[in-house]
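Structure first, commentary second.
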Amino acid sequence: MSQIEIAADEAVTLTSDLIRIDTTNTGDPATLVGERAAAEFVAEKLTEVGYEIEYVESGGKNRHNVITRLPGADRSRGALLVHGHLDVVPADPAEWSVHPFSGAVQDGYVWGRGAVDMKDMVGMTLAVARYYKREGIVPPRDIVFAFLADEEAGGKFGAQWLVEHRPELFEGVTEAISEVGGFSVTLKDDVRAYLIETAEKGIRWMKLRARGTAGHGSMIHRDNAVTKLSEAVARLGNHRFPLVLTDSVKEFLAGVTEITGWDFPEDDIEGAVAKLGNISRMVGATLRDTANPTMLTAGYKSNVIPSVAEAAVDCRILPGRLEAFNRELDEILGPDIEKEWMELPPVETTFDGAIVDAMTASVLAEDPGARTLPYMLSAGTDAKSFQSLGIRNFGFAPLKLPADLDFSALFHGVDERVPVEALKFGTRVLDRFFRAA
């Protein structure tokens, strides 16, 4: 067995081991678990083969990050950042076929929370990093490996904190890769396209607040905070923002047309996108801004009208749309609804250059006849923080997936899992990419 095959097998084991470490991030300091145990695991695996690491606590309880640098042959070149987050969203064991923190390896998959978001990429990255150190392999340029906290809550104790407080750890980095890209989708005639993320929508996690007059539930009330808020939230939740085709989406659709011959006419773009099958939800969400109400909070007793009612709304905003989005938001909600939010910017780069050529060549070496296409992620990653350092960001966590696997549904979903063979494939692709990038 070759050394890269040994590393590929190790990626499967490492992914399973990482899943078994509960790193649930609820976003609430009172209920989250924290990443400390996983960070200690990663640190041990790196130091075991000779890496010198930076083990960084970022201020919160059990919020830890691990960063190390592998020197390259040409130290004058811009470095490559490979980053992955250690935290995961909550999972209810009662809903799963296997325990979400079992890391079970069965039926050709590694199962558990984080299997695709994103302990799979962490496992593959860690396996290749260990392989390089064991074998004395020197990449063409420096590679900075970063294993981070708190991505699922915006990176306050992870990427954001490090960019603000420890930017020297990323000195010289010009390009970065991370999650939700490089995975395959099977198109017409069994042709696979690997989608490389070149753009992300902006995130706004918003709290809406309505105020009224408190009183007894049996009385007539014209100033009810719950009524005001409910009406505003319903207007916002039912609103359809305008369709906007960004450059990233246009390039993706043009690539699909070239491969399949399918048309994507602008007068029926959403109907045409439905032809894309399982990824149509992900692509469809990049055609317009979205604002989805997610939580409502009001009152403390059924016969008491509260003076305040609040709602949480998850907004995702296309690059270049922020000012227009704000205008529409004000028109929909009206002057009586208070707004406050935490916001992360959109990310966008072009699908070109030596790094894209290296990604494509690395994928095609393992899957001849495939294609690579750029696409926009409807969600967000730690790339939002790293772009503030002038770093060019891509999503490239390569996986060759079965044609019938609904990959997008696995993110934050029940029975999250990743194919064993996809992990081995991704490890080989990353090895080729690190040697060529």
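Just so it is clear, none of the values below were taken in a lab; they were calculated from the coordinates. Model, not experiment: these values are computed from the prediction. Counting neighbours? That spans all protein chains shown, and the Cβs are built from the backbone with ideal geometry, glycine included.
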- Task: Rank by packing, highest mean first: peptides 196-205, 133-142, with packing defined as the count of other Cβ atoms within 10 Å averaged across residues.
- Result: 196-205, 133-142
- For each of Tyr375, Tyr51, count neighbouring Cβ atoms within 10 Å of the residue's Cβ, then give the residues from fewest to most. Tyr51, Tyr375
- Message: Below 8 Å, C-alpha to C-alpha, sequence gap of six or more: please give me the relative contact order for the chain in percent.
- Response: 24
- Note on the stretch 90-156: contact order normalised by length, alpha-carbon pairs under 8 Å, 6 or more apart, percent, works out to 15
- Item | Relative contact order [Cα under 8 Å, 6+ residues apart], the stretch 155-287, whole percent | 17
- Note on the structure: Options [x] 25.0, 81; [y] 22.8, 79; [z] 20.7, 61 are given for Rg and Dmax of the Cα atoms in Å, and the computed one is [y]
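Could you please rank Met376, Met219, Met124, placing first whichever residue has the fewest other Cβ atoms within 10 Å of its Cβ?
On the way: Met376 27, Met219 7, Met124 34.
The order, fewest Cβ neighbours first, is Met219, Met376, Met124.
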- Charge tally in the Cβ shell below 15 Å around Arg371, where Lys, Arg are +1 and Asp, Glu are -1, Arg371 excluded: -4
- Query: When we measure straight from the Cα of Lys228, which lysines land under 19 angstrom away, once same-chain ones fewer than 8 places off are left out?
  - Reply: Lys207, Lys301, Lys339
- Longest to shortest principal axis, alpha-carbon extents of the stretch 72-155, angstrom: 53, 31, 14
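Considering only the other residues whose Cβ falls under 11 Å of the Cβ of Trp262, what net charge follows from Lys and Arg at +1 and Asp and Glu at -1?
Working: positive: Lys188, Lys275; negative: Glu258, Asp263.
Overall, the nearby charge balance is 0.
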- Task: Rounded to the nearest 500, what is the 222 nm mean residue ellipticity of the chain from helices alone, with -39500 (n - 2.57) per DSSP H run of 4+ residues and division by all residues?
- Result: -10000 deg cm²/dmol
